[in-house]
Structures are given as structure tokens and as C-alpha cells.
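The values are calculated or read from the model by the stated rules, or taken from the named source; none is laboratory data. The structure presented is a predicted model; accordingly, all values stated were derived computationally and were not measured. Quick reminder, even Gly has a Cβ in these numbers, built from the backbone with ideal geometry, and neighbours come from all protein chains shown. Side chains are part of the model used for accessible areas, which takes the heavy atoms of the whole protein and leaves out ligands, DNA and RNA. Shrake-Rupley method; radii C 1.70, N 1.55, O 1.52, S 1.80 Å.
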Amino acid sequence: MKQTNQIDDLIITVLKNSKDAFVSGQTLSNRIGITRAAVWKHIEGLRSEGYIIVSTPSRGYKLIETPDRLSAVGIKQGIKTRVIGKEIVVFDEVNSTNDIAMEKGAQGEKEGLVVIADSQLHGKGRLGRTWISPKGVNLYVSILLRPEFPPLQASVLTMMASVSVATAISKTTGLDARIKWPNDILIDQKKVSGILTEMNAEEERIHYVVIGVGINVNMKKEDFPGDLRMPATSLMESLGRRVDRTELLYTLLESMDSNYEGLKMKGIVSMVQEWRRLCSTLHKRVRISLPGEVITGVAEDITQEGGLVVRIGEGLTKKVYAGDVTLLE
Amino acid sequence: MKESTEPKPLKSAKKPWVDIDDIKVLMDLIKETEVSELEIEKGGVRVRIKKSATPTVSGLRKIQDKVSATLSASSAVQSPAHQASEAGEDKYYTVSSPIVGTFYRASSPDKEPYVNVGDVVKKGQILCIVEAMKLMNEIESEMDGKIVEVLVQDSQPVEYGEALFKIDPVS
């Protein structure tokens, strides 16, 4: 578990800010407070990680190309948010970004913290399932929040998260991303993103919530395992070209931030409306696997708590709050 | 499953069952005395006020929530076993579900349950998970104690306010 090197990030920031001009080794050394020899060493390190940096003895260094690397500094610079993303930590590899964010929550970290990893060894799904998390291609993001409403209303955060992910994908790629109840994100009926929210609460008070988002961004078709629970895709597979992970991440965090703000100002109803608009499950025939039973029917509506209202017979509806949904048409 | 589908505001802005001023008076009253807990009944509504060790800003709102929790719990259909245990074993603390959802005793189906009857638990220890809409809610013990009873079976739906565990607090 290695945190991305801060000096590397500072060097990249200075080089990026100078745009097309060269920056001398002395300037870098002064700005960052390390020796010129150390600057040279770090530049070598960055080159080995895929940065293309040209240098001439008389003029200094110039950044030509940035690899697709989730650097904390790049992320913070481009972000315009009020709460979410005020603090961002980036890891090369973790067991699970949700686990780290939950630990930070338990330690009293402020809300808005974002934990990002380039790869996960044990990406978490619901009930001990795994989220496939290879290196360098996808987004694995966990957000720590401390909402002030009671736990009973916390499921609105799941809606908020799925609305934000669908919106960010549509904005960045133009693809028609839809929500499958309660919070899978689909493109052409194939799963492109999963969300797992974990909460620590008392009866009347939420201590903290972690919203974990996994998005298949540039993963290739052949890299998906064969035994997935449902058809999956990545943005690249659906779009036919690579997608900039950092740009998608900015858009996601900004969307999440403005929806979180909206939730506080306007309440649940506005979020439910937005969720309905993006949901592809409503008015469809569905099969739902519940613990110990399977029901089929037409998904008619959702309740304010986010429950799915399923018509299972003449004049007979059932409200469902958990379970695996399969669309039948 | 819950029948109510009325819009719910984010913050508890429901019509108070007891006048908010009544609660304030009670709070002031309890503040000045050695009494740490007070329970009154008025017009079928029970209000319990507990003095916390560290006063919080959200104290009043918590009490409002508590009022609603008490109401909802008493209106829910309860199993006979649950009612019996409530009548006879007042010294036990009941852990209730903060949300409507599905009750899980372990983090995944192939894992051991978080707790079993007879286990000694610490304050802050995870007792179970209640899931609603893929929101996995870890329920912690609010005290040191011993698990006396597990009231719900694994993977069963639970209502808001439904009793999940009975804990014998360490005194």
C-alpha cells in the first residue's frame, strides 16, 4: 500500500503550470526545496513511470506527455467541488478503497474525503462478492460522508450515487447510461458500474457513510472473467475509444458534490425524481431474487425510501428493499 | 413491508406528537436534577428522555427522532415472543434496526456470524448488517454487555425499529 509520491506530484505541478516553457533544474530545486541532484533523480523516476519529459542542459525540463495515472495532484487541481474531494488520497494498490475510507471514518476524518486506487486486490461487492479491479484501466473511488439526516433516510444516498455516476458517464462520453434498481449502471443492458454503500450508524444518527464506486473505463472485453453474474461492458468497449480516467473522475466528483448539496437544500423528493428519470427498471417485467423466494412482476414505482414497488398480481403489489433484479424484457 | 409511501422530509419535520415546548420543559427539568432518565406517557405517546454524558447540539433533534422511533415501534406488528421478552426482561437492552431492510448476521454467506448468543461484546463492536438498496448498514453495540437473544433469523426482512438483539449490559 504505497501512497503516491508527493515530490513527484510537486514536480509535475510545476511543469504543468509552465505550459510549453522549459523549467530549469534550479527553479525546480528552489520551488520544491530539494537539491538539483534530487530533482534529476525524481525526473528519472517519473520517466520510468511513463511521463515523457524532455531536458536540455541549458534550458531545463519540459513535460510532453502524462501517462494515464491517477495522481493526487492532477486530480485536486482540476476539481471544482465544495465538499467532496477537499481531501483526496491516491494509492497504487489497496485491498479495498471502501475499507480504507471506513477506517478513516472510524478515525474521525472529515466528510468529503475521497480514496482512490489504481488497483484493488479485494474490490468489494455486495455480501462478500468481488469487484474485478485490474490495474491502470478503471476507476475505484470511495467517498466518506457524514450526513445529518437519520439512517432511515440513508438509502437516498444510494440513489444520489447512482444518479451521479450515470450523469458523469453521459456527460463525459455521451453514452446513454441508465440505472437498474437499485444502483447498477448499465449501458445497452450491460453493467458498466457498481456502487456499494457502507454505513456506520446508531438508531437515530449516522456516524459515517462510505459510497464506493467502481467504473469499468478502459478495460478490454477479453479481460472480463467468464463467470460474471450479468453481462458487463466498459466505457471503451461501448464507445470504441479510450476514456480519460481523470476527466471522468472530476466529472463524477463534481456531479456527486452538487447532488449532495442539492439533497441538503431541496430534500429527497428532487433526488427521487432524477433517479426515476434515469431508471431503466420502471414499467418493465422483472424477476427479483429475495432471500428465500423469487418474485416476478412489473416494476411500477419506487417509494421515497427507494424501495421498488412490484405488481405481482391483480391488485397486489409488493415493496422490495433488497435483492437481485433481472429485467425480463 | 412498510405501508407508508408519503414523502419524508430529510430532517424530522413531522407534526410533533407531543408539543416541542413540552419536551423542552422536560429537558430543562431533567438537566437540573440528579435524574438521568425520565419517561412519561401522554395521550398514548411515550417520551423517554435520557441525559447524555456529553451534551450535543443535535440533542433536541435526537429526542424528536426517539419519539418517532418509539411510536413506530409500538405501531408495528410484533411477534408474541418479542412482546413477552419486552414485558419480563426490562434490564436487557434492545438493539433495533435503524432502517427497513434485510438482516444479515455475517459479512458474507460463507463467514461466521458477527455475534452469537452468549458472546461478550464491547461498545462499538459490529453486531450485524442491515441492507437496504445495497446500502450495507453495520450495526454496532452501544454498550459493553452480553448477547442474550438474537431475535431475527439471517437474511430475513426487518422493519424500521424492529428489535434485533437483546443485550445484558455490563453494570
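Which of A:Lys124/A:Lys180; A:Lys124/A:Lys190; A:Lys319/B:Lys111 have a Cα-Cα distance over 26 Å? Beyond 26 Å: A:Lys319/B:Lys111. Electrostatic tally near A:Gly25: other residues with Cβ closer than 13 Å to its Cβ, Lys and Arg +1, Asp and Glu -1, net +4.
Inter-chain neighbour count for A:201-211: the average number of beta-carbon atoms from partner chains within 10 Å of each residue's beta-carbon is 5.
For the peptides B:94-100, A:138-144, the ranking by mean Cβ contacts within 10 Å, running from highest to lowest, is A:138-144, B:94-100. Taking all protein chains as they are arranged and a probe of 1.4 Å, the heavy atoms of B:Asp154 leave approximately 80 Å² accessible to solvent.
Comparing mean-square fluctuations of A:Gln26, A:Gln189, A:Gln120 from a GNM of chain A with C-alpha springs under 10 Å, the top value falls on A:Gln26. A viscosity of 0.890 mPa s and a temperature of 25 °C, combined with the Kirkwood radius over C-alpha pairs in the Stokes-Einstein formula, give the stretch B:82-169 a diffusion coefficient of 189 µm²/s. Summing +1 for each Lys or Arg and -1 for each Asp or Glu among the other residues whose beta-carbon sits under 10 angstrom from that of A:Gln189 gives +3. Specify the inter-centroid distance of the stretch A:231-256 and the stretch A:21-54, based on alpha-carbon positions, in whole Å. Between the Cα centres of the stretch A:231-256 and the stretch A:21-54 lies a distance of 31 Å.
Counting Cβ atoms of other protein chains within 10 Å of each residue's Cβ and taking the mean over peptide A:151-160 gives 6. If you take every residue apart from A:Ser234 with its C-beta less than 13 Å away from the C-beta of A:Ser234, what net charge results, scoring Lys and Arg +1 and Asp and Glu -1? Combined, the nearby Lys, Arg, Asp and Glu give +3.
When peptides A:15-23, A:82-90 are ranked by their average number of other Cβ atoms within 10 Å per residue, the highest-first order is A:82-90, A:15-23. Here is how the number arises for chain A: DSSP H runs of 4 or more residues each give -39500 (n - 2.57), the sum is divided by the residue count, and the result at 222 nm is -10000 deg cm²/dmol.
A protection proxy built from the mean count of other Cβ atoms within 10 Å ranks the segments A:292-298, A:151-157, most packed first, as A:151-157, A:292-298. Just give the residues from the stretch A:309-326 buried by at least 10 square angstrom of accessible area in the all-chains context relative to the isolated chain, probe 1.4 Å, and say none if nothing qualifies. Buried on complex formation: A:Lys319, A:Tyr321, A:Ala322.
Antiparallel beta bridges, as assigned by DSSP with both residues in the stretch A:72-278, represent about 75 percent of the total such bridges. Anisotropy class assigned to the stretch A:72-278 is rounded, per the alpha carbon gyration tensor with a/c under the 1.5 cut-off. Heavy-atom accessible area buried between chains B and A is around 3900 Å² (1.4 Å probe, both sides summed).
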